[in-house]
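To start, the structure itself, in structure tokens.
The values are calculated or read from the model by the stated rules, or taken from the named source; none is laboratory data. This one's a predicted model, so the numbers in the text were calculated from it and none came from an experiment. Virtual Cβ from ideal backbone geometry, glycine too; neighbours counted across all protein chains shown. Heavy atoms of the whole protein, side chains included, go into the accessibility calculation; ligands, DNA and RNA do not. Shrake-Rupley method; radii C 1.70, N 1.55, O 1.52, S 1.80 Å.
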Amino acid sequence: MDLSYTAEEEEFRAELRHWLGDVLPSLPSRPSPDDWPGRRAYDMGWQRMLYDAGYADVHWDASPTLRLIFLEETEKAGAPYVGAGFVGLLHAGPTIAAEGTPEQRARWLPPILRGDEVWCQGFSEPDAGSDLAALRTRAWRDGDDYVVSGSKIWTSHAEVADWCELLVRTDAAAPKHRGITWLAMPMDAPGITVRPLKTLVGSAEFAEVFLDEVRVPVGNRVGDENDGWRVTMVTLSFERGTAFVGEVVACRRVLRELAAEARKNGRWDDPALRRRLGGLNAEFRALWRLTQWNVSEAEARGGGPGVGGSVFKLRYSQARQELYDAAAEVLGEGALDLGAPWVVDRLSSLSYTIAAGTSQIQRNIVAERILGLPKGR
């Protein structure tokens, strides 16, 4: 497989680098991590700049390779990440682009691209995390609406969201994977209560969401009723496919910084640490090549990310944790100081083997869908 870039792709890279060099120095300072209205305004302001420059739709309408180049170059340049736009740009938006009706695409996609609207993800529940299909939030038809009751947890950016990509159970008698429906729920609808959740590092990008007979128009259903599990697999393929590309680039940068810090503080003299950092360097180089391979496969198929995203997500989650464990070794006693570099990132890395599908779930996907092994009983 040819993993090299074409002349047109390199031209795109050069133009993007030039644009980033022009605009990034003029950006305002990032708001405090606890200032979610400020963070929303900052993140959506950046998205509007991308929209005006013609880069806003790179996650959907560009080829997988151009999407890879975009994520690589923006991370290298230190550009803002999607932030509060994460769910809209990388989850709900691509799903609606792939599965929505023309009317739904016209209604929801332009505001996401312009940075006008923020989405949150209403998938997980207190008793349906890794086993997502066990969700119990119910929805029943009442005329032209679904009436929804239940609760969601780990709902990303719910406190500042305009819309929620919501999974509900519309047929309790059907097998659990067949009675699910994907809805777009307006977050200002009556009956919604949002309760922010504090993470280990003190941030509150997640929330519990309680739904008490919330009315959602039937026209907000993406896909057919009870076909939501198939639509959800489209969403999760994007979540596990290219959503972490920028983070791989960032991890490679952190690795270089760790080596520089170890040389400065004397820990580079430890051959075991040098071997550890060398192994991580090989690991992230391999992950980058795997990303390129997945992108080339998606381009050849003419579709979105496939199950290869699970292979990537499985190994990347572990490698990220190993990277920040190495950072603690480089820092020594400084690893106990929350104000020291990489310490907060080390704490947040603990969630990566759980978020976006646990490592156990990814192993099942790899075993059943790639290796063809029988399902466990």
Those residues of region 77-102 which are aliphatic (A, V, I, L, M) and under 21 Å from residue 167 (Cα atoms), in sequence order
84, 87, 89, 90, 92, 96, 97, 98
Take residue 330 and decide whether it is of a type outside the set (Ser, Thr, Tyr) and modelled with pLDDT under 90.
no
Can you tell me which residue in region 245-298 is least open to solvent (accessible area, probe 1.4 Å), limited to those that are among the aromatic types (Phe, Trp, Tyr) and within 30 Å of the chain's Cα centre (by Cα)?
284
All positions within region 14-44 that are under 21 Å from the mean Cα position of the chain (by Cα) and among the hydrophobic types (A, V, I, L, M, F, W, C)
36, 41, 44
Just wondering, is there one or more residues in region 109-120 that are within 20 Å of residue 227 (Cβ to Cβ) and either outside any strand (DSSP E or B) or modelled with pLDDT under 95 (or both)?
no
Looking at residue 10, is it surrounded by 15 or more Cβ atoms within 10 Å (Cβ to Cβ) and either under 20 Å from residue 248 (Cβ atoms) or not aromatic (Phe, Trp, Tyr) (or both)?
no
When you look at residue 201, is it farther than 15 Å from residue 164 by Cα, at pLDDT below 95, assigned by the TED database to the domain that holds residue 134 and not small (Gly, Ala, Ser), yes or no?
yes
Per the list (1) more than 16 Å from residue 249 (Cβ to Cβ); (2) aromatic (Phe, Trp, Tyr); (3) surrounded by fewer than 19 Cβ atoms within 10 Å (Cβ to Cβ), residue check on residue 81 breaks on (1)
With modelled with pLDDT under 95, more than 30 Å from residue 188 (Cα to Cα) and either basic (Lys, Arg) or not assigned by the TED database to the domain that holds residue 310 (or both) as the only criterion, which of 230, 253, 275, 240 stands out?
253
In region 84-98, how many are buried (at least 20 other Cβ atoms within 10 Å of the Cβ) and either assigned by the TED database to the domain that holds residue 249 or farther than 14 Å from residue 56 by Cβ (or both)?
7
So, in region 135-145, of the ones that are open to solvent by less than 30 Å² (accessible area, probe 1.4 Å) and either free of Cβ contacts under 8 Å to residues at least 24 places away in the same chain or closer than 29 Å to residue 203 by Cβ (or both), which residue ends up farthest from the chain's Cα centre (by Cα)?
137
Just to check your reading of the model, which residue among 134, 128, 184 is closer than 15 Å to residue 91 by Cα and not charged (D, E, K, R)?
184
Return the total of residues in region 347-370 being open to solvent by 80 Å² or more (accessible area, probe 1.4 Å) and within 18 Å of the chain's Cα centre (by Cα).
2
Report, by residue number, each residue of region 193-205 that is in a strand (DSSP E or B) and either at positive phi or open to solvent by less than 60 Å² (accessible area, probe 1.4 Å) (or both).
194, 197
Taking region 146-192 only, how many residues are assigned to a strand (DSSP E or B), crowded, with 19+ Cβ neighbours inside 10 Å and not hydroxyl-bearing (Ser, Thr, Tyr)?
15
Pairs with Cβ under 7 Å, 6+ apart, first in region 39-50 and open to solvent by 20 Å² or more (accessible area, probe 1.4 Å), second in a helix (DSSP H, G or I) and among the charged types (D, E, K, R)
48/114
Give all pairs with beta carbons closer than 7 Å in which a residue from region 346-363 that is closer than 17 Å to residue 201 by Cα and at pLDDT 75 or above meets a residue that is hydrophobic (A, V, I, L, M, F, W, C) and not in a loop (DSSP other than H, G, I, E, B); count only pairs at least 6 apart in sequence or on separate chains.
346/327; 346/328
Could you list, in sequence order, all residues of region 300-319 that are at pLDDT 80 or above and open to solvent by 10 Å² or more (accessible area, probe 1.4 Å)?
314, 315, 318
Could you grab me the full set of residues in region 51-63 that are open to solvent by 20 Å² or more (accessible area, probe 1.4 Å), assigned to a helix (DSSP H, G or I) and of a type outside the set (Gly, Ala, Ser)?
51, 52, 57
